[in-house]
Structure formats: C-alpha cells, structure tokens
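The values are calculated or read from the model by the stated rules, or taken from the named source; none is laboratory data. Everything numeric in this text was worked out from a predicted model, so none of it was measured. Don't worry about glycine lacking a Cβ; one is built from the backbone with ideal geometry, like all the others, and counts go over all protein chains shown.
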Amino acid sequence: LALPVGPLPEHVLRRSYSIASPPDPASNRLEIAVTRVEGGPGSAVLHALAVGDELRATGPQGFFTRPPGVPSLFIGTGTGVTPLRSMLHAALAAGATEPLTVLLGVRHEADILYRDELTELARRHPNVSFHVTLSRPEPSWQGLAGYVQTHVPGLWADLVARADGAPPHLFLCGLERMVKAVRDLTRKQMGIAREQIHSERFD
C-alpha cells in the first residue's frame, strides 16, 4: 500500500500487508488486519482513514502460499494469523477434507483475532481444530499457555496421526524471532523436511 503522509503525491510510505480475506474472483474487496503501533507512521495513517478514502495498492507480491490438499498446521502470532485465515477459508471453500490445525499465539485474551470466526469454523468442520496460547495469561484463562513453540511437537504429532500417511506442511507467520524459533525447532529437533515448512515474517 502507498500511504499518504504529506500533501504531494510523492509523499507516501510504502508498506506491505498480508491479505486476510480468501481469494474471491466475484468480489472486489480485500481485507487486512493492522495493529496500531504507538509512533508507527504506517499504522497511524491506516487507523485514521475514513470510509471512502482511497489508497494506491500493488501486488500481491509474496510467495507464502499453500499447496492444495496437504494436511496443514497453521501457526501465527498476533496479526500473523491474517494470511493463515485466508488459506484456511480458501481450503474449506475448495472442499478440503484433510486435517487443518490452527495455533494462534498472543499475549492476552483480549488480543485474540478472529476468535469467534475460527471457533465456529472448527465447530462446523470436523477436520479443523483451533487452538490459542497466551504468553501472559490472566488467572482466569483455562486454555493453552506459553509461546507457540511449546505446543508445536504435540500438535504436529496429532496432525501426523490424522493425516492418513500424507506428509503434513507447516505454515508460519509472525515476528521474525518466532518464525526462527519454530523453524529451528522443527528442522533441527523434530526433523521436518525443509520443503514442508513455509513462512512469512515481519518486524
């Protein structure tokens, strides 16, 4: 996106964002999710937009895509869930029956994006499971706790058991330190092949 930061056309910030909505040739809408960062010029512009404002956009330009039909473990932290949401919806729209597991990591319960939607997808589709882990849980939280990498071995083992012999794939999106930690865990300690791991990171 080209975000206006001044009165002249050349006064723009260029920022890349993952698409949160599934591919839909019949629609001219794209969804993104942007966390407002204190002092962040890009997020400040986006959060100040009004209905009817226009932005210039290019792309998509990424390579973070999912091969059809593969059992999948989607792991995102914060707004890193956005492209995973798109992949999940696209898979289900195509009639996917292979196991699809989503693990979202956030600090606090209030930070969970798309909670109701993903919970409902897991309820409606027996091949979908949705998990949330909090790194700073409140005493009342009864779900998973800790960083996402704590739960990768168990969720991966469960996915393998449900994959009926097909090699599962891992999809990671989030801060660079999380992506690196999970890639190191899965490659060096769990022995998952490089071609089964796909990632997109941001700072």
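With the condition kept exactly as written, say whether any residue in region 130-145 is closer than 17 Å to Pro22 by Cα and either out of contact with any His (no Cβ under 6 Å at 6 or more places or on another chain) or not in a helix (DSSP H, G or I) (or both). Checking region 130-145: not a single residue is closer than 17 Å to Pro22 by Cα and either out of contact with any His (no Cβ under 6 Å at 6 or more places or on another chain) or not in a helix (DSSP H, G or I) (or both). With the condition kept exactly as written, say whether any residue in region 43-50 is in contact with a helix residue (DSSP H, G or I) (Cβ under 6 Å, 6 or more places away or on another chain) and outside the structural domain of Tyr147 (by TED's automatic domain parsing). No: zero hits.
Is it fair to say Ser135 is hydroxyl-bearing (Ser, Thr, Tyr) and within 11 Å of Phe171 (Cβ to Cβ)? No: the conditions fail for Ser135. Residue-level check: of (1) within 20 Å of Met87 (Cβ to Cβ); (2) part of a helix (DSSP H, G or I), Ser21 misses just (2).
The set of residues from region 35-81 being surrounded by fewer than 17 Cβ atoms within 10 Å (Cβ to Cβ) and in contact with a Ser or Thr (Cβ under 6 Å, 6 or more places away or on another chain) comprises Thr35, Arg36, Val37.
Considering each residue of region 176-203, count those that are more than 18 Å from Gly154 (Cβ to Cβ) and assigned to a strand (DSSP E or B), and give that number. Residues flagged as more than 18 Å from Gly154 (Cβ to Cβ) and assigned to a strand (DSSP E or B) within region 176-203 amount to 5. The set of residues in region 95-111 being under 21 Å from Gly80 (Cα atoms), in contact (Cβ under 8 Å) with a residue 12 or more places away in the chain and surrounded by fewer than 18 Cβ atoms within 10 Å (Cβ to Cβ) consists of Arg107, His108, Glu109. For region 161-185, filtering for residues that are surrounded by 12 or more Cβ atoms within 10 Å (Cβ to Cβ) and either in contact with a strand residue (DSSP E or B) (Cβ under 7 Å, 6 or more places away or on another chain) or over 25 Å from Phe63 (Cα atoms) (or both) leaves 13. Taken over region 18-57, the criterion of being free of Cβ contacts under 8 Å to residues at least 24 places away in the same chain and of a type in the set (Ser, Thr, Tyr) is satisfied by Ser27, Ser43. Checked against (1) under 17 Å from the mean Cα position of the chain (by Cα); (2) within 28 Å of Lys180 (Cα to Cα), Trp141 passes all but a single condition, namely (1). With respect to the conditions (1) surrounded by fewer than 12 Cβ atoms within 10 Å (Cβ to Cβ); (2) at pLDDT 85 or above; (3) in contact with a Pro (Cβ under 7 Å, 6 or more places away or on another chain), His11 lacks only one, and its number is (2). The test for being over 16 Å from Val70 (Cα atoms), assigned by TED's automatic domain parsing to the domain that holds Leu84, surrounded by fewer than 19 Cβ atoms within 10 Å (Cβ to Cβ) and of a type in the set (D, E, K, R) holds for Arg115.
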